[in-house]
Amino acid sequence: MLVIALGADYDLDADGGEIAFDLFLGVPKHVAPVVLHNSGLTVDGWVPVDFFTLETSHRDVYALGDCTSVGTPKAGVFSEGQAISAASAIVARARGGEVQRYDGSAACYLEFGHDQVARVDIQFMHGQPPHGALSGPQHDLLVQKADFGSSRVRRWFGRDWVSY
Ligand SMILES: Cc1cc2nc3c(=O)[nH]c(=O)nc-3n(C[C@H](O)[C@H](O)[C@H](O)COP(=O)(O)OP(=O)(O)OC[C@H]3O[C@@H](n4cnc5c(N)ncnc54)[C@H](O)[C@@H]3O)c2cc1C
């Protein structure tokens, strides 16, 4: 089994031309890594996958995150949910059991300063218009946001926050 999670590269040559600016905050156009194009896995520039299981058109080959055309925004919070579904699909193939189908939902925190944090819960369900809800800004979401970050560090690196 293969899981492709190569992210996206920047196409720095796209959209040439010059822009006059005092302060410019720009995000370059994203493209799938060239190795994926060369492998023949891309369609219209991205790797198509089954929305619910993240399996590609090739059996036992999964792709997730920024390199896919799964239909959710290219953000880590969505990649994380996709990884959980792909992992559960692989476990189900190997041992049987339920697949935790991807549901396109994620949450994002917004800092307002003065210890005020808001949270957006949003869902991009396959075939349906996206919908979301805003909570806050409020103080208790500051604690929740800190826990969101530290729980990932603990899970991924097996330890609490340290200064890197
Ligand atoms: C400045 C910035 C801020 C962001 N802030 C947020 C945020 O606040 N919240 C949020 O949810 N998302 C955020 N994102 C988006 C988030 O980082 C991406 O959506 C997420 O990391 C995508 O995960 P991924 O696993 O698909 O790819 P990546 O995390 O990009 O991982 C791909 C990996 O594959 C490796 N790779 C690529 N090609 C090859 C190769 N040929 N061989 C071997 N390895 C290879 C790369 O080195 C990389 O480690 C931000 C992105 C940027 C750039």
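Only the coordinates and a few stated rules stand behind these numbers; no lab work does. Please read all numbers here as calculations on a predicted model, not as lab measurements. Reconstructed Cβ throughout: ideal geometry from the backbone, glycine too, with neighbour counts over all protein chains shown.
Values as computed for the structure displayed
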{"item": "Phi-based couplings in Hz for region 105-110 (Karplus 6.51, -1.76, 1.60; Gly and Pro marked x)", "result": "9, 6, 10, 9, 9, 10"}
{"item": "12 Å reach of a label modelled at Ala92, 7 Å along Cα-to-Cβ, counting backbone N of region 34-69", "result": "51-55"}
{"item": "Efficiency of FRET between His58 and Leu110 - r from beta-carbon atoms, R0 45 angstrom, step 0.05", "result": "0.70"}
{"item": "Neighbour cut-off at most 14 other Cβ (10 Å), DSSP loop, GluC sites (Glu not before Pro), region 73-150", "result": "Glu98"}
{"item": "P(r), alpha carbons of the chain - 10 Å bins starting at zero, rounded %", "result": "9, 28, 33, 24, 6, 0"}
{"item": "Inter-part distance where region 41-81 and region 129-152 are each reduced to a Cα centre, Å", "result": "25 Å"}
{"item": "Difference of contour (0.36 nm per residue) and Cα-Cα distance, Leu23 to Val43", "result": "3.6 nm"}
{"item": "Percentage of interatomic Cα-Cα distances in region 82-164 larger than 22 Å", "result": "49 percent"}
{"item": "Footprinting exposure proxy for Leu54, Leu2 (fewest neighbouring C-beta atoms within 10 Å first)", "result": "Leu2, Leu54"}
{"item": "Built amide H within the under 5 Å cut-off of Lys29, gap 5+", "result": "Asp11"}
